[in-house]
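I have placed the structure first, in the form of structure tokens, so that the comments after it can refer back to it.
Here, each number is a calculation from the coordinates, and none is a lab measurement. This is a predicted model, so every value here is computed, not measured. Cβ sites come from the backbone with ideal geometry, for glycine too, and all protein chains shown count toward neighbours.
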Amino acid sequence: MSQELQVLVISAASIGFFHTLLGPDHYLPFIMIGKAREWKLGKVLGLTILCGIGHILSSVIVGLVGIALELQVEKLNWFESFRGNLAAWALIAFGLLYALWGIRRWYKKHRHSHVDDIENSKNITPWVLFIIFALGPCEPLIPILMYPAAIESAGALVMVTSIFGLTTLLTMTGAVLAVSYGLSFVNLKRFENLGHPIAGFVIFLSGLAIQVLGL
């Protein structure tokens with residue numbers, strides 16, 4: 001293994017870890033939705049992994065197309081930036097709409113009305129999250145890792161991309177596990193009726209953090 005490839009491998013693991021850990025949108029939406037809907041941890045982790053795979057694969061496909069067509073990295077950076085803005089606004093909109101839906105549901109439940117829209121929402125929510133995550137790019141993957149690795153060899157490209165993807169998925173699931181475990185020690189009984197509005201508001205803030213702070 002050449003020194004350049006060693007640097008790329010270490011960079012892939014460290015960037016995958018810190019990029020994911022410092023971006024709360026990579027794990028908070030799953031934790032909050034899971035808590036609000038009282039999902040088992042296995043289901044939350046399954047959705048996290050599914051969305052993570054979609055998140056990584058979308059950028060891998062874009063990067064491979066760019067390498068195959070010998071496109072300049074600046075063009076792909078523009079496209080990835082556009083996708084990132086779109087995904088951030090989609091997460092903001094989803095969080096806001098989910099919070100408003102939760103408030104409406106809480107109000108109807110508080111008034112002892114029959115709530116009949118929860119099942120449809122349960123079916124739609126995971127797919128909405130998957131689409132948003134598949135739309136969102138892994139910003140450092142293409143310019144910092146894939147393009148330099150492709151110069152080394154096809155094997156280096158596969159290795160570096162795989163390490164980045166695996167590290168990202170492990171960090172996402174690890175963060176979900178750690179935060180969920182921590183929340184199990186917190187008494188949230190008083191907020192259980194407001195689980196959906198709180199979840200929507202946290203998701204809204206996660207999307208806002210991406211858009212404003214660039215996390």
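Things worth noting here:
- The number of Lys pairs in the chain with C-alpha atoms less than 16 Å apart, excluding pairs fewer than 8 positions apart on the same chain, is 5.
- For the chain, built as a Gaussian network whose Cα springs stay under 10 Å, the top-fluctuating residue of Ile124, Ile198, Ile142: Ile124
- Among 63-69, 180-186, the peptide with the highest mean count of other Cβ atoms within 10 Å heads the list, and the full ranking is 63-69, 180-186.
- At q = 0.07, 0.15 Å⁻¹, base-10 log of I(q)/I(0) for the chain (Debye sum, equal scatterers on each alpha carbon): -0.25, -0.94
- Over the residues of the chain, the helix contribution to mean residue ellipticity at 222 nm works out to -27000 deg cm²/dmol, using -39500 (n - 2.57) for each DSSP H run of at least 4.
- Across the chain, Cα pairs under 8 Å and at least six residues apart give a relative contact order of 47 percent.
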